[in-house]
1. In whole Hz, with x marking every Gly and Pro, tabulate ³J(HN,Hα) for segment 67-77 from phi via Karplus 6.51 cos²θ - 1.76 cosθ + 1.60, θ = phi - 60°.
2. In a GNM of the chain with a 10 Å cut-off on Cα contacts, which of Gln202, Gln212, Gln95 has the highest mean-square fluctuation?
3. Hey, what's the chain come to in accessible area per residue, 1.4 Å probe, Å²?
4. Using only Cα atoms, find the angle between the long axis of helix 104-120 and the longest principal axis of the chain, and express it within 0 to 90 degrees, rounded to the nearest 10.
5. When the helices in the chain are scored as -39500 (n - 2.57) per DSSP H run of 4 or longer and the sum is shared across all residues, what 222 nm value do you end up with, to the nearest 500 deg cm²/dmol?
6. What nm distance separates the two modelled labels at Ile113 and Ala143, each placed 7 Å from Cα along Cα→Cβ?
7. Find out how many positive minus negative residues lie around Arg324, taking Lys and Arg as positive, Asp and Glu as negative, among other residues whose Cβ is under 14 Å from that of Arg324.
8. Estimate the FRET efficiency between Lys2 and Glu56 by the formula 1/(1 + (r/R0)^6), using the beta-carbon distance for r and 22 Å for R0, to the nearest 0.05.
Amino acid sequence: MKLRDELELVLRAWHAYEVNRGTPAVIDFDCHPTTETIEPATSRLQVYEHLQALSERADEAETPHVSARLTADLAYLGSLLGECPPFADYIRATQGCGAAGWSDEYVRERGEIARSGLADVGIGWGPDTDKEFRVLEGHMETADAPDAIRAAADTYEKAVRRATGSDAPLNLTIETADVDAYWAYWLDGVGADVRLRLNLRQATFTEVAARQFALHEVLGHGLQGASWSARCASEDVPWVRLMSVHANQQVLLEGLAQALPLFIAPDDQLLITRVRLDHYTQLVRGELHLAINTGSSVDDCARHARERVPYWTDAQISDFLTDRGSNPQLRSYLWSYPAGIDWFTNLTDTESARTEKILRSAYLEPSSPRDLMKIWESGPEIGGARRAESSPYSSRDEG
């Protein structure tokens, strides 16, 4: 049996163990469904020891994808078992990118871009910005959201398939949930079957949000997962076919999904304004993520958040800090949002040939940050520049 296949068996057993306990799932998208009965692992320690044994046999030169996945799994499971590695080391092991963050000047520059876009549509900057912008985006009743998301997905599907080269089948189910969790929208899937869940406790629905999440969740995550699954069904791929949010493909998934409107719907002014605002606020979340994990006090983080984004509530800031500081899954996974959206937003300013190559590659295989930066060697360092410079670009191409 291949090392990849042995790892997948361990991951399925670990997943079954966590699901049976009611704890967060390990597998979020299964690109190689099986009908075999999966016996749950007996403990996290058992899984950890199995992963260690596989890691000792892995050869990074011969099986780089499997080696990287084992590194991510061991780091995440180690954290579940109580380890608390330095933040940069943990992010490098799981998300596969750096955690240097972005300079103050760069974050402020992106804030100016966001505020300029808001001003163009008549929205000022202050405590009521988000409320006023959501009114402009068009209120939508919760009951109407699933149909609106489906309709928007139908509208954009041809354009996304044309840009990415995907012809994979996609079967979408939309469900609602009411849970006390950070997420408003969550997508998982098996093969061509994709499930989108809307968390009624967190999600707010507007006409713009329906278009945004049709692109983000359905045609971003959903079609990507279905496309990878179609490839797995037709050939023996070298990468692990079970996707988890603590692993190296997540920067690609979250980065492209957030930035997809910039590539597909650049003339939709309200939608683009929302994406530019999200880019800025994700960078600020990234600042908080880095700060709370590197010794900053809660007081300092809260003060910084209020200065950067005046409409964030104390409840929101509390959740941002709690999620990023104490939850092993979110301590890893939530870094993929600022790291990803920043890289893909910058990609929109580059030449079309490179963009086409990256978009098509994104729907062929679950690329890591290292893979992405090999395609765009002169682009930004994913996760922020290594030096505190005004530019987000790193010096890695300078030797």
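1. With coefficients 6.51, -1.76 and 1.60, one gets 4, 5, 5, 4, 4, 5, 5, 5, 5, 5, 5 Hz.
2. The residue that fluctuates most here is Gln202.
3. On the way: 17190 Å² over 399 residues.
That works out to 43 Å² for each residue.
4. 60 degrees
5. -17500 deg cm²/dmol
6. 4.1 nm
7. -1
8. On the way: r = 16 Å, r/R0 = 0.73.
In this case the efficiency is close to 0.85.
The values are calculated or read from the model by the stated rules, or taken from the named source; none is laboratory data. What you see is a predicted model, and the numbers here were worked out from it, not measured in a lab. Neighbour counts run over all protein chains shown; Cβ positions are idealised from the backbone, glycine included. Please note that ligands, DNA and RNA were not included when accessible areas were found on the heavy atoms of the full protein model with its side chains. Shrake-Rupley method; radii C 1.70, N 1.55, O 1.52, S 1.80 Å.
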